[in-house]
Amino acid sequence: MNETMSSAPIHAPTLTTDAPGLDPSDWAAFTEVAHRAVDDMASHLAGIGNKPAWQPIPPSVRAALHQPVPRVGVGDAAAYDSFTQHVLPYPGGNLHPRFWGWVMGTGVPSAMVAEFLAAGLNPNCGGLEQSPGLVEAQVLSWMSELLLDDANASGVLVSSASVANLVALTTALHARAGFDIRGEGLQGAPYKLACYGSIETHSWIKRTCSVLGLGESAFRAIPSDADFRINIQALRESIRSDRAKGVHPFCVIGTAGTVNTGATDDLTALADLCREENLWFHVDGAFGALARLSPTLKPMLAGIERADSLAFDLHKWGYLPYGIAAVLIRDAGAHLSPFTTTPSYLQTMSRGPMTTGVTYGDRGLDLSRGFLALKAWFTLTSHGVDAIARNIEGNVAQAQYLGSRVSAQQDLELMAPVALNLVNFRFAPVVNGAALDELQLDAINVEILQRIQEQGIAVPSSTRVHGKFAIRVAITNHRTRFADMDILVNAVQRMGAEILAG
Ligand SMILES: *Cc1c(COP(=O)(O)O)cnc(C)c1O
């Protein structure tokens, strides 16, 4: 013993009182609150289009949600009243038919039922011989068949495409590092490692390279062409030049549906190149991969079925509530390799609940896992894949409609080709026979965007296309209709004219 050791007792003090548990003392009162929640949420959703797309949070609400620790509870009914008063009216707005900011999903009411059931049943989906594991296997094999033409890929459901991409890149790194990375990690690396994707690759790649200890510089951002697709020749040269310098390339990332413009890389060319170069071929299909559910749109994603791994969200274009995404990995052994552990307390048994062992808890970062699969299984079973596909097609049609409306207006400018469900445009009027300069255009469009959001008319977001500020509309919204696009076009023109008039 020395004096610096903790003075905290090793054993808990003796306690003698039994606990009451946390179930309701009155189940009828519980179901009454639960029924109110169902009724209120159904009417909230049914009337969502008549509410503002977004509204600022009043100071009183900020104060109500900044309270001391509640040592003594108020009960379900009072907690629910506080929710309806302070939380329900001030969300980000992504339920609304005219919310097209960033790439956000709307959710589908059927999945709310599943979320309730999943929380009620509350299984730990890390493993065990249990029906929820079969549900997850079913969802993964459906998605694998639909997106990779192969019902047997390994996979796991995770909370976001960022995590799905991280799991895939970790797998790629372990499979193709060329040395024992599991034991020594990058500290045993005989050479530097590199991975490749276009400059339009989503920012998950930087975070992943940082977290994996590769460093952001391990990612080679290859230029894209006029259609925002990766320049294959430049990619080829970058790989050749790295090899000549003794760098070890391990993975090429193709994007199906880039976040800026909706472009999809030439996935067939990337698959060919990866085969020639013996590189892992990963596809980030966060939202774009879901277009493959539509027979009409499927050809746009040709080559995706040759990916070694595919990451995609179900909370964007799958219309499921947050947070659910999936990673599919062709080589099941490669998938398990970085993640499997066999501690004594997780030993597989020959009979009983532990016969299947830790299945999903060995395929990613989470060991204990919630029942994510139920909302996917329930929604797909209830609506059918064709209904999801019809809405995806509808969103593409709406993007094309908006693109054509923009192109037809003198004072609006389309900033990038409409690739999938994404439209970038700006207000660009001719004033006294002359165009405004770029700085003026940026400023006026920033102001238009903020007014439209603030007034709750619609929520597009923004990006820069070739350095120019663009109003960006990304439609992963099953509540949107063509008429909503007309409302947006009219609002942009009206606000633009107002700002010009001073
Ligand atoms: C949204 C997105 C991601 C990240 O997905 P999250 O679910 O937000 O983590 C990755 N790639 C692309 C192309 C995206 O659009």
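Say R0 is 25 Å: what FRET efficiency, to the nearest 0.05, do Ala302 and Ala137 get from their beta-carbon distance?
Result of the calculation: an efficiency of 0.35.
From the phi of every residue in the stretch 74-83, what ³J(HN,Hα) in whole Hz does the Karplus formula 6.51 cos²θ - 1.76 cosθ + 1.60 yield, where θ is phi - 60° and glycine or proline is x?
9, x, 4, 5, 6, 4, 5, 4, 5, 4
So which cysteines of the chain have no other cysteine's Cβ under 4.7 Å from theirs?
Cys125, Cys209, Cys274
What are the ³J(HN,Hα) couplings of the stretch 302-310, residue after residue, when phi is run through the Karplus curve with 6.51, -1.76, 1.60 and θ = phi - 60°? Round to Hz, x for glycine and proline.
So the Karplus estimates, Gly and Pro as x, are 3, x, 4, 5, 9, 5, 6, 8, 9 Hz.
Sort Leu290, Leu186 so the one with the fewest other Cβ atoms within 10 Å of its own Cβ comes first.
Arranged by neighbour count, lowest to highest, Leu290, Leu186 become Leu186, Leu290.
What relative contact order, as a whole-number percentage, does the chain give when Cα pairs under 8 Å and 6 or more residues apart are counted?
21
Among DSSP beta bridges lying fully in the chain, give the percent that are antiparallel, nearest 5.
That works out to approximately 60 percent antiparallel.
Identify all aspartates and glutamates with a Cα-Cα distance to Lys192 below 15 Å; exclude those on the same chain that are fewer than 8 residues away in sequence.
Asp180, Glu184, Glu216, Asp242
Considering amide H positions built from the backbone, and no H for Pro or chain starts, which residues 5 or more places from Ala428, or on another chain, come under 5 Å of its amide H?
Distant-sequence amide H within range of Ala428: Leu412, Glu413.
Among Tyr319, Tyr80, which comes first, then next, by fewest other beta-carbon atoms within 10 Å?
Exposure proxy ranking, most exposed first: Tyr80, Tyr319.
Rounded to the nearest Å, what's the spacing between the alpha carbon centres of the stretch 106-181 and the stretch 282-331? Just the number, please.
Taking the Cα centre of each part, the stretch 106-181 and the stretch 282-331 sit 13 Å apart.
Give the long-range amide H neighbours of Glu129: residues separated by 5 or more places, or on another chain, with amide H under 5 Å away, using H modelled in the peptide plane at 1.01 Å from N.
Residues meeting the criterion, in which the H sits 1.01 Å from N, are Met354, Thr355, Thr356, Gly357.
For the stretch 277-355, what is the convex hull (Cα atoms) projected area averaged across all directions, in square nanometres?
That works out to 8.4 nm², a quarter of the Cα hull's surface.
Cα extents of the stretch 213-338 along the three principal axes, largest first, in whole Å?
In descending order, the Cα extents are 46, 39, 25 Å.
Please work out the C-alpha center-to-center distance from the stretch 453-483 to the stretch 22-82 and express it in whole Å.
30
Grab the beta carbon distance between Asp227 and Leu346, set R0 = 45 Å, and tell me the FRET efficiency rounded to 0.05.
Once the sixth-power term is evaluated, E becomes 0.40.
Per residue of the chain, what 222 nm ellipticity follows from adding -39500 (n - 2.57) for every DSSP H run with n ≥ 4, rounded to the nearest 500?
Value at 222 nm, helices only, nearest 500: -12000 deg cm²/dmol.
Rg and Dmax of the stretch 1-80, Cα atoms, in Å?
Expressed in Å, the Cα Rg and Dmax of the stretch 1-80 come to 22.3, 69.
Checking the cross-link filter: which lysines have an alpha carbon closer than 21 Å to that of Lys375, excluding same-chain neighbours under 8 positions apart?
The qualifying lysines are Lys316.
In which sequence would Tyr360, Tyr90 go, from the one with the fewest C-beta neighbours within 10 Å to the one with the most?
So the ranking, lowest neighbour count to highest, is Tyr90, Tyr360.
Efficiency by 1/(1 + (r/R0)^6): what FRET value for Val211 and Thr268, r their Cβ-Cβ distance, R0 = 30 Å, to the nearest 0.05?
E between Val211 and Thr268, to the nearest 0.05, is 0.45.
So between Phe116 and Asp18, what do we pick up on full extension, going 0.36 nm a residue minus the alpha carbon distance?
Gain in length upon complete extension: 32.3 nm.
Whole number please: convex hull volume per residue of the Cα set in the chain, in Å³?
Considering the Cα atoms of the chain, their hull volume per residue is 227 Å³.
List the DSSP H helices in the chain whose Cα atoms stretch 27 Å or more along the helix axis and whose mean Kyte-Doolittle hydropathy is at least -0.5.
Membrane-span-like by this rule: 27-46, 385-407, 482-501.
Counting only residues 5 or more places away or on other chains, whose amide H sits under 5 Å from the amide H of Val465 once H atoms are built in the peptide plane?
Sorted by chain and number, the residues that satisfy this are Ala470.
Within the chain, which is the longest segment that contains none of the GluC sites (Glu not before Pro) sitting in a DSSP loop with at most 16 other Cβ atoms within 10 Å?
130-502
If each residue of separation counts as 0.36 nm, what is the full-extension length gain between Lys192 and Ser7 once their alpha-carbon separation is subtracted?
61.9 nm
Determine which aspartates and glutamates satisfy two conditions relative to Lys245: a Cα distance under 13 Å, and not lying fewer than 8 residues away in the same chain.
Straight-line reach from Lys245, under 13 Å: Glu237.
Values in this text are rule-based calculations from the coordinates and carry no lab data. The model shown is predicted, which means the values in this text are computed figures rather than measured ones. Cβ atoms come from the backbone with ideal geometry, glycine included; neighbour counts cover every protein chain shown.
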